[in-house]
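Notes follow once the structure below has been shown.
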Amino acid sequence: AKSHVPSSPKTLHSQIIKLGLHGCDLLANTLVDTYGKCGLIHDAHNLFEEMPQRDHVSWASILTAYNQADLPAEALSVFPSMLSRDGLLPDHFVYATLVKSCAGLCAIRQGKQVHAQFVVSSYNRDDVVKSSLVDMYAKCGLPFAARAVFDSIMVKSSISWTSVISGYARSGLKSEAMELLLKTPFRNLYSWTALISGLVQSGFATDASHLFIEMRRDGIEIVDPLVVSTIVAACASVACLEFGKQVHGLAVALGYESSLFIGNALVDMYAKCSDLLSARTIFYALVWRDVVSWTSLIVGEAQHGKAMKALELYDQMVLSGVKPNEHFTCLLDLFSRSGHLEEAENLISTMPFEPDEPTWAALLSACKKHGNKQVGVRIADRLLSLNPQDPSTYILLSNVYASAGMWESVSTVRKLMTSLEVKKEPGYSCISMGKERQVFYAGETCDPDIKGEILHLLKELDKEMRRRGYVPDTSCVLVDMEEQEKEKQLFWHSERVAVAYGLLKGVPGTVIRIVKNLRVCGDCHDVLKHISSIVRRDIIVRDATRYHHFANGRCSCNDFW
């Protein structure tokens, strides 16, 4: 009768005991598997431990249960007792499960050990285990090892093809990954997703976006939202707002707007494209919010200089019962902006991870802004010991030491600056206008057709800025040269050229949006404030550390970056 149908695994378990069937190995194995699939890992573990006799199915069931509970380390830790306690060697099911555990932990040493055992076992021709090995090597960043195993598979499944494509794409081997996609007999949504998401992860967001468009032209039906969230993330990484809006529209049309990870991706994308209004709208429309939802908006508000709003959201998150997850950098930014420098320094010492160069540099910048020389020198010494790689960090260090009268330290920093100039990453700025994207590199001449117009506009703007009191700050030019030559270098910094291009080619009155790979130098920051006032246009620049919204001669960062 319907009323006697077990309502849960525990009810089923108790009925088996009442019927005296608990000694049946087949039922016990099925119960371990059922507990695992229902997320009751402790019950699965307890039943497994109580079993008087365990076979290969028992072991495959408990190891699978650990993987399903996202506890791959537990699976690897109990595995040795399979031989020591039960006298059993792994079969092909157990091998596949162990490889999956290694992949989940990216435990390549243990994974190679399992692979070696599999090769000398009687199951070494099993294609399912080999597919798991392909996936493990791909996820651990070893695409050539993945390919070697893949080539040994007799009957290649869709899963093995997808794994090897993903491995190449995630490792940045773009052409090889695309070649594999062309070869696979399973050119479906999942192989496309593997290629697209892998390229996004390896920094080829623009290529991934073009491939997504090609996938749509191929008529691939999107029955899973993962590829949509991946492309939203791609738009976020390069601040491509217009294409992001189109993908948002597609998500709505496909019925994925209620998906949490699509919603989270959209909040992050709009925040990173400096459209905070849309980010907030999406966030408050979410039916359920997790820590990722809250973090995306809190960090977005903080990086746009909305300190009070970020703090307000943080309090709301805690009150809603969501546990904070690594909001330390955001809190540090807020403490630094508000001048609570000792609290900021104490926060750094309690972070569960090692603070990096940008973290210390942000605090040092705050010390400089608020005139706290004592804390500033202490932070500067700590930062210098990290052997910074960003040239702007050395400029900051030099200024802090100089303000404290520590000329010997200034000399040390200046020498390091000179040697660093050789290794300095070339600066570039990218501007998006509708479907068009242009990239400008510092110091390089642009297209001759537009160079004359840009030069003329920049000269006119420079003349007006000087009339308003602008004086070039050449301290960020690390090369020993005449002052006039330094000013010439600043004149052709990539963000200035990009802004000029936007003014010349963009729709009048629209926001100029720029992404820069390095931090904006102090001089360009002043220049962009002046330009926003002169031409009465909003200019949004996303540099390596934060967002700058220039409007009416001011910046949203309040000169703190």
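The values are calculated or read from the model by the stated rules, or taken from the named source; none is laboratory data. What you see is a predicted model; the values in this text were computed from it and never measured. As a convention, Cβ positions derive from the backbone with ideal geometry for all residues, glycine included, and neighbour counts pool all protein chains shown. Only protein heavy atoms, including side chains, enter the accessible area calculation; ligands, DNA and RNA are left aside. Shrake-Rupley method; radii C 1.70, N 1.55, O 1.52, S 1.80 Å.
Touching a helix residue (DSSP H, G or I) at 6+ places or on another chain (Cβ under 9 Å), more than 27 Å from Ile539 (Cα to Cα) and of a type outside the set (Phe, Trp, Tyr), is that true of Ala279? Talk me through it step by step, then tell me what you get.
Details: touching a helix residue (DSSP H, G or I) at 6+ places or on another chain (Cβ under 9 Å): yes; more than 27 Å from Ile539 (Cα to Cα): no; of a type outside the set (Phe, Trp, Tyr): yes.
The answer is no for Ala279.
What number of residues in the range 268-317 are open to solvent by 70 Å² or more (accessible area, probe 1.4 Å) and over 25 Å from Asp559 (Cα atoms)?
Initial filter on the range 268-317 (open to solvent by 70 Å² or more (accessible area, probe 1.4 Å)): 272, 277, 281, 284-285, 287-288, 292, 306, 308, 312, 315.
Those still in the list that are over 25 Å from Asp559 (Cα atoms) too: 281, 284-285, 287-288, 292, 315.
Matching residues across the range 268-317 total 7.
On the given criteria, is Lys486 charged (D, E, K, R), in contact with a helix residue (DSSP H, G or I) (Cβ under 6 Å, 6 or more places away or on another chain) and closer than 25 Å to Glu242 by Cβ? Break it down into steps so the answer makes sense when it comes.
Numbers: charged (D, E, K, R): yes; in contact with a helix residue (DSSP H, G or I) (Cβ under 6 Å, 6 or more places away or on another chain): yes; closer than 25 Å to Glu242 by Cβ: no.
No; evaluated as a whole, the condition is false for this residue.
Among the candidates Arg496, Arg554, Arg546, single out the residue that is under 29 Å from Ala366 (Cβ atoms) and within 27 Å of the chain's Cα centre (by Cα). Before the answer, list the steps.
On the way: Arg496 fails: within 27 Å of the chain's Cα centre (by Cα); Arg554 fails: within 27 Å of the chain's Cα centre (by Cα).
Of the residues listed, the single one that is under 29 Å from Ala366 (Cβ atoms) and within 27 Å of the chain's Cα centre (by Cα) is Arg546.
Filter the range 111-132 down to the residues that are among the polar types (S, T, N, Q) and closer than 18 Å to Ala75 by Cβ, then identify the one that is surrounded by the fewest Cβ atoms within 10 Å (Cβ to Cβ).
Initial filter on the range 111-132 (among the polar types (S, T, N, Q)): 113, 117, 121-122, 124, 131-132.
If we keep only those that are closer than 18 Å to Ala75 by Cβ too, we end up with 113, 117, 132.
Values: Gln113: 13, Gln117: 15, Ser132: 29.
In this case the residue turns out to be Gln113.
Within the bounds of the range 101-108, is there any residue that is open to solvent by 20 Å² or more (accessible area, probe 1.4 Å), out of contact with any Gly (no Cβ under 6 Å at 6 or more places or on another chain) and not in a helix (DSSP H, G or I)? Please lay out each step first, then the result.
Just the residues of the range 101-108 that are open to solvent by 20 Å² or more (accessible area, probe 1.4 Å), to begin with: 104-106, 108.
Remaining after also requiring out of contact with any Gly (no Cβ under 6 Å at 6 or more places or on another chain): 104-106, 108.
When the remaining residues are screened for being not in a helix (DSSP H, G or I), the result is 106.
Yes: one or more hits.
When you scan the range 109-143, how many residues do you find that are in a helix (DSSP H, G or I) and either of a type in the set (S, T, N, Q) or out of contact with any Leu (no Cβ under 7 Å at 6 or more places or on another chain) (or both)? Give the steps one after another, and end with the answer.
Step one: filter the range 109-143 for residues in a helix (DSSP H, G or I), giving 109-119, 127-139, 143.
Applying the additional criterion that residues be either of a type in the set (S, T, N, Q) or out of contact with any Leu (no Cβ under 7 Å at 6 or more places or on another chain) (or both) yields 109-113, 116-119, 127-139.
Looking only at that region, the number is 22.
Taking the range 334-358 as the search range and keeping residues that are within 13 Å of Phe560 (Cα to Cα) and without any contact (Cβ under 8 Å) to a residue 60 or more places away in the chain, which one is surrounded by the most Cβ atoms within 10 Å (Cβ to Cβ)?
Leu334
What pairs come out if I take residues in the range 82-110 that are without any contact (Cβ under 8 Å) to a residue 60 or more places away in the chain and pair them with residues that are hydroxyl-bearing (Ser, Thr, Tyr) and assigned to a helix (DSSP H, G or I) whose C-beta lies under 7 Å away, six or more apart or interchain?
Correct list of pairs: Ala96/Ser132; Thr97/Thr64; Val99/Ser132; Lys100/Ser132.
Filter the range 507-531 down to the residues that are in contact with a Cys (Cβ under 9 Å, 6 or more places away or on another chain), under 21 Å from Met465 (Cα atoms) and open to solvent by 10 Å² or more (accessible area, probe 1.4 Å) and list them by number.
Of everything in the range 507-531, those that are in contact with a Cys (Cβ under 9 Å, 6 or more places away or on another chain), under 21 Å from Met465 (Cα atoms) and open to solvent by 10 Å² or more (accessible area, probe 1.4 Å) turn out to be Cys521, Gly522, Lys529.
Restricting attention to the range 217-226, does a residue exist that is within 21 Å of Ser293 (Cβ to Cβ) and in contact with a strand residue (DSSP E or B) (Cβ under 8 Å, 6 or more places away or on another chain)?
First pass over the range 217-226, keeping only residues within 21 Å of Ser293 (Cβ to Cβ): 224-226.
From what's left, in contact with a strand residue (DSSP E or B) (Cβ under 8 Å, 6 or more places away or on another chain): none.
No, the range 217-226 contains no residue that is within 21 Å of Ser293 (Cβ to Cβ) and in contact with a strand residue (DSSP E or B) (Cβ under 8 Å, 6 or more places away or on another chain).
Mind listing whichever residues of the range 50-89 are more than 18 Å from Val32 (Cα to Cα) and assigned to a loop (DSSP other than H, G, I, E, B)?
Pro80, Arg85, Gly87, Leu88, Leu89
So, Tyr190, is that one modelled with pLDDT of 95 or more, more than 25 Å from Asp135 (Cβ to Cβ) and among the aromatic types (Phe, Trp, Tyr) or not?
So Tyr190 fails the test.
What is the number of the single condition among (1) of a type outside the set (S, T, N, Q); (2) surrounded by 18 or more Cβ atoms within 10 Å (Cβ to Cβ); (3) closer than 30 Å to His42 by Cβ that Lys156 does not meet?
Answer for Lys156: the failing condition is (3).
Go through the range 461-488 and give me each residue that's open to solvent by 80 Å² or more (accessible area, probe 1.4 Å) and either in contact (Cβ under 8 Å) with a residue 12 or more places away in the chain or part of a helix (DSSP H, G or I) (or both).
Listed by number, the residues that qualify are Lys463, Arg466, Arg467, Arg468, Asp480, Glu483, Gln484, Glu485, Lys488.
Quick one: which residue in Asp86, Asp55, Asp25 is surrounded by fewer than 18 Cβ atoms within 10 Å (Cβ to Cβ), modelled with pLDDT under 85 and over 42 Å from the mean Cα position of the chain (by Cα)? Even if it seems obvious, please write down each step before you answer.
Working: Asp86 fails: modelled with pLDDT under 85; Asp55 fails: modelled with pLDDT under 85.
Exactly one residue qualifies, and that residue is Asp25.
For the range 366-419, enumerate the residues that are in contact with a Leu (Cβ under 6 Å, 6 or more places away or on another chain), assigned to a helix (DSSP H, G or I) and polar (S, T, N, Q).
Passing the criteria: none in range.
Can you confirm whether the range 376-396 contains a residue that is open to solvent by 30 Å² or more (accessible area, probe 1.4 Å), within 30 Å of Lys505 (Cβ to Cβ), touching a Ser or Thr at 6+ places or on another chain (Cβ under 8 Å) and of a type outside the set (Val, Ile, Thr)?
Our first condition is that a residue be open to solvent by 30 Å² or more (accessible area, probe 1.4 Å); within the range 376-396, this holds for 378, 381-382, 384-387, 389-390, 392.
Narrowing further to those that are within 30 Å of Lys505 (Cβ to Cβ): 392.
Pick out the ones that are also touching a Ser or Thr at 6+ places or on another chain (Cβ under 8 Å) and you get none.
The answer is no, given that none of the residues of the range 376-396 is open to solvent by 30 Å² or more (accessible area, probe 1.4 Å), within 30 Å of Lys505 (Cβ to Cβ), touching a Ser or Thr at 6+ places or on another chain (Cβ under 8 Å) and of a type outside the set (Val, Ile, Thr).
Collect the residues in the range 532-559 that are of a type in the set (Gly, Ala, Ser) and in a strand (DSSP E or B), keeping them in residue-number order.
Passing the criteria: only Ala551.
Just wondering, is there one or more residues in the range 142-149 that are closer than 22 Å to Phe243 by Cα and either open to solvent by less than 50 Å² (accessible area, probe 1.4 Å) or not β-branched (Val, Ile, Thr) (or both)? Before you say what the answer is, go through the steps one by one.
Quick first cut of the range 142-149, residues closer than 22 Å to Phe243 by Cα only: none.
Within the range 142-149 (the criterion being closer than 22 Å to Phe243 by Cα and either open to solvent by less than 50 Å² (accessible area, probe 1.4 Å) or not β-branched (Val, Ile, Thr) (or both)), the answer is no, since none of the residues qualifies.
Looking at the structure I just gave you, is Ile534 open to solvent by less than 60 Å² (accessible area, probe 1.4 Å) and either polar (S, T, N, Q) or more than 34 Å from the chain's Cα centre (by Cα) (or both)? Break it down stepwise before answering.
Numbers: open to solvent by less than 60 Å² (accessible area, probe 1.4 Å): yes; either polar (S, T, N, Q) or more than 34 Å from the chain's Cα centre (by Cα) (or both): yes.
It is true that Ile534 is open to solvent by less than 60 Å² (accessible area, probe 1.4 Å) and either polar (S, T, N, Q) or more than 34 Å from the chain's Cα centre (by Cα) (or both).
Tell me which helices (runs of 4 or more DSSP H) are completely within the range 294-362 and hold 1 or more residues being within 18 Å of Tyr547 (Cα to Cα), at pLDDT below 85 and among the small types (Gly, Ala, Ser), or say none if there are none.
Working: elements: 307-319, 328-337, 341-350.
Fully inside the range 294-362 and qualifying: 307-319, 328-337.
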